[in-house]
Amino acid sequence: MDKKRLYELIDARNREFEAISDFVWEHPETCFMEKESTQCQLEQMKQEGFKITTPVAGMDTAFIAEFGSGRPIIGILGENDALPGQSQEADAVCQKAITPGGNGHACGHNLLGTGAMQAACGLKAFMQEKGISGTIRYILTPAEEGGGGKCFMARAHVFDDLDAILAWHPNSSNCIGNRSKACVTFNISYHGKAAHASAAPWDGIGALDAAELANTGLQYLRAHVTPDVRLNSAYVDAGGQAPNVIQSHTKVTYCLRADRQSTVEELYRKVLDIARGACLMTGATMDKPFTFNNYLDQVDNPTLDRVMLANMHEVYPLSFTDEEKRYAAQFVPYGSTPDAKEPIDTSVCDDLDIPAAGSSDVGDASYCAPTVQAFLVTEAAGTVAHSWCRTAQGKSSVAKKGMHAAAKVLAGTALDLLLDPQLIKKARADYEKNMEGRTYSTLLPDSLKPGDHKY
Ligand SMILES: [Zn+2]
C-alpha cells in the first residue's frame, strides 16, 4: 500500500510531538522516577483515544496505550528515562551542565519514546481512515538505563501475546540493530575485620584484599573466554580512605556480558567461584550476591529486519538544510569519527550482520515475541551515546527530523505487518527457529522489584 498518506498524517502532528520531546528533555528523570515525563506522554495518549493500562508489571512509570482490536497485535516500544550526571545545555558545543551533576538525556530517550508515540498515533489515524483492523500497543518501558523495565515486563508476560515488537533508538547512523549482548550486573559485599595496619595487622582480615584478589581472578578469567565476552567491575565501596586501617568492608559491582545469555549464566557461576576463592584465601566472608540487572541478548528476526529495512529505504535519505549541516559539523570533532566526510550520515546501512556492541532490555522483549529494532540518525556523525554531545543535540531540528522519520519507519513497518498475515507467520517461524527451544529465563531473583536497586 502506498504510504504517502500515512506519512502525511504523521507529519501533520510534528509540532505537537516536538513539544512533548522537548518537555521530556527538559525534565530528565532516571530509573523508575520518570514521573513527569510519563505523565505528559500518558495524557497525550489518553487524549488521542488510546485505552490506557497503568501501572504495568508493578511499575508506576510504565503504561500501555492500546488501539484497535483483534490480530495481529503490534507492540511499539517507548522509553523516556535519562542518565545521571549527563546534564548539558541544549546546543552548547562544549561540556556545560545546566545543573552540575544533574540528569540529562544523553541517550536520546526523549526522542525515542516520543517518536514511537508519534508512530502509534499516525498509524491509528491511518487505520481509522482506511478501515484497517488489528491492534496496536504503545508500550512505555521505564528505566532502560540500568533498571530494566522490559525485564520486569517480560517476567510478568506483558509481551507474550504480541505478534511483533517494533523498536527504534536514536543514533548517528541508520541501520538495523538486531544484536545485543546479554549482560548481568550484581554486587558482592565482602566482610573482614578492622585493625590497625601497622600496630596489629595480624588481627585484621582484609575485605579489600578479598575484593582485589577476586578482581585478579577476573583478570585471569579474561584470558580464557570467547572474544564476545566482556568482564568489568567497579568499586562501590573500597572500604575507606585510610591506608593505615585494615578495611573491614568492601563492595564491588560486576558486569558480565556475552553474545548469549547461556554464556553469561556460565560466567556468573565462575565469577561467584572466584569471589568465594578470594574469601578462602583471605578469611573474609561475602554476602549472597545482589543481582539487580540481567539483560538478555537480542533474538534476531530476519523477516522483520527486512521489512523494517525496506521501510527505512522508503523514508531515507532525509534532506538537511545547510544550517543543519553546519550545526551538526560543530559536534563532529567530539565524536567517534572526527574525520567523517558528511556532518550528518544520510545513508542506510544494509548490513544485517553487525556484531553486538552494548546491551539493552529490548533483548528481554525479543525472547517473548518476534522483535525488530532500527537505529536511526538524530545527530551529528559519530556522536557518542551517553555523552554530553548527545544531550546537547536532543532538542535540535536534526534530532526532530530524525524522530519524525523514525515514526514513519515504525508506522510503515507496522502497517506492512497489519496488511500481510504471511509476514506475521514468517516472523513467528523466525522467532521459533532462533529461540532454539529456549524460553525466557533470567538471573534476577524473583524477590527483586522495580526500583529495589539504586546506583
Ligand atoms: Zn538508550
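Counting every other Cβ atom within 10 Å of each residue's Cβ, Thr413, Thr291 order from fewest to most as Thr291, Thr413.
Per-residue 3J(HN,Hα) values for region 424-437, derived from phi via the Karplus relation 6.51 cos²θ - 1.76 cosθ + 1.60 with θ = phi - 60°, read 4, 5, 5, 5, 5, 5, 4, 4, 4, 5, 6, 6, 6, x Hz in sequence order (x marks Gly and Pro).
With the helix formula -39500 (n - 2.57) applied to DSSP H stretches of n ≥ 4, the chain reaches a computed 222 nm mean residue ellipticity of -12000 deg cm²/dmol. Counted residue by residue at 0.36 nm each, then reduced by the alpha carbon distance between them, the extension gain from Arg222 to Lys270 reaches 16.1 nm. Cut-off 11 Å, label point 7 angstrom out along Cα-to-Cβ of Lys288: give me the residues of region 427-455 whose amide nitrogen falls inside. Counting backbone N atoms under 11 Å from the label point, the list is 445-448. Taking a straight Cα-Cα cut-off under 12 Å and skipping sequence neighbours fewer than 8 places away in the same chain, the aspartates and glutamates within cross-link reach of Lys400 are Asp11, Glu16, Glu18, Asp22, Glu324, Glu379. Residues whose amide H comes within less than 5 Å of that of Lys193, counting only those at least five positions distant or on another chain, are Ile205, Gly206, Ala207 (H built at 1.01 Å from N in the peptide plane).
Calculate how steeply helix 302-315 sits against the longest principal axis of the alpha-carbon atoms of the chain, using the helix alpha-carbon long axis, and give the answer as 0 to 90 degrees to the nearest 10. Tilt relative to the chain: about 60 degrees.
Compared with the dominant principal axis of the Cα atoms in the chain, helix 35-47 is inclined by about 20°.
Of all lysines in the structure, the ones whose alpha carbon falls short of 24 Å from that of Lys449, not counting any fewer than 8 places away in one chain, are Lys35, Lys150, Lys181, Lys251, Lys288. Taking amide H positions as modeled 1.01 Å from N, with prolines and chain starts lacking one, no residue 5 or more places away or on another chain lies under 5 Å from Val348. Backbone phi angles across region 254-271, fed through the Karplus curve with coefficients 6.51, -1.76 and 1.60 (θ = phi - 60°), yield HN-Hα couplings of 10, 10, 10, 10, 7, 5, 10, 4, 4, 5, 4, 4, 5, 4, 4, 5, 5, 5 Hz in residue order; Gly and Pro are listed as x. Each residue, Cys94 and Asp446, gets one label point 7 Å from its Cα in the Cβ direction; the gap between the two is 5.7 nm.
The tail of the calculated P(r) for the chain beyond 39 Å holds 24 percent of all Cα-Cα pairs. Helix 397-419 sits at what angle to the longest principal axis of the chain, using alpha carbons and giving 0 to 90 degrees rounded to 10? Taking Cα atoms only, the helix is inclined about 70 degrees.
Overall, the anisotropy analysis places region 182-295 in the prolate class: the square-rooted eigenvalues a ≥ b ≥ c of its C-alpha gyration tensor yield a/c not less than 1.5, with a/b exceeding b/c. Across region 115-122, coupling constants 3J(HN,Hα) worked out from phi with the 6.51/-1.76/1.60 Karplus curve, θ = phi - 60°, read x, 5, 5, 4, 4, 5, 5, x Hz, and Gly and Pro carry x.
Every number here is computed from the coordinates shown, using simple stated rules; none is lab data. Note that the structure is a prediction, hence the values are computed from the model and not measured. Cβ: placed from backbone, ideal geometry, glycine included. Neighbour counts: every protein chain shown.
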